[in-house]
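Down below is the structure, laid out as structure tokens.
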Amino acid sequence: MINMDLSRFFTVAALAADAEAPTLFPYPFSFHVTFVIIATLFFGISFAKLKRPYQLILAVAVPFSLLLWVADNNRIFYYAIGVVELLLIAAAFLTSVFLRPKKSETAAQKNDTQEQ
């Protein structure tokens with residue numbers, strides 16, 4: 001005969017009942033906005049310094065993610081935002097790969113920054 005520890009079973013069941021149902025966003029809106037502000041400033045400043053197109057694309061893609069909070073159970077809008085985000089991330093990846101500065105450009109840029 002198998003010895004079953006029912007107290008352990010009830011403890012697990014109670015923990016599962018107390019757990020919140022998973023939602024789309026594990027953090028509140030204020031955390032998302034804070035992250036968006038920091039990331040947008042980072043990519044904006046990076047683009048101002050280095051002039052790489054992918055930085056500008058990501059500076060637009062990150063705030064665009066805030067539209068998910070507006071989607072509010074509208075699946076078409078939700079998936080449209082996802083498709084646009086995917087396209088922006090793919091565009092950022094492709095521009096980072098195919099529009100790399102040549103080695104001579106990076107060497108000249110390093111010399112310019114050292115002279116200042």
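Structural remarks
- Residue 47 vs. criteria farther than 26 Å from residue 78 by Cα, modelled with pLDDT of 65 or more, touching a Leu at 6+ places or on another chain (Cβ under 6 Å) and surrounded by 10 or more Cβ atoms within 10 Å (Cβ to Cβ): yes
- Leading residue by the ranking (nearest to residue 36 (Cα to Cα)) among those in segment 69-83 that are aliphatic (A, V, I, L, M) and at pLDDT 85 or above: 81
- Close pairs from segment 54-80: first free of Cβ contacts under 8 Å to residues at least 40 places away in the same chain and of a type in the set (Phe, Trp, Tyr), partner loosely packed, with under 14 Cβ neighbours inside 10 Å and in a helix (DSSP H, G or I), Cβ under 9 Å, at least 6 apart: 77/70
- Count of segment 69-100 residues which are surrounded by 16 or more Cβ atoms within 10 Å (Cβ to Cβ), under 12 Å from the mean Cα position of the chain (by Cα) and not charged (D, E, K, R): 1
The values are calculated or read from the model by the stated rules, or taken from the named source; none is laboratory data. Remember, it's a predicted structure, so these values are computed and weren't measured experimentally. Here Cβ is always computed from backbone atoms with ideal geometry, including for glycine, and neighbour counts include all displayed protein chains.
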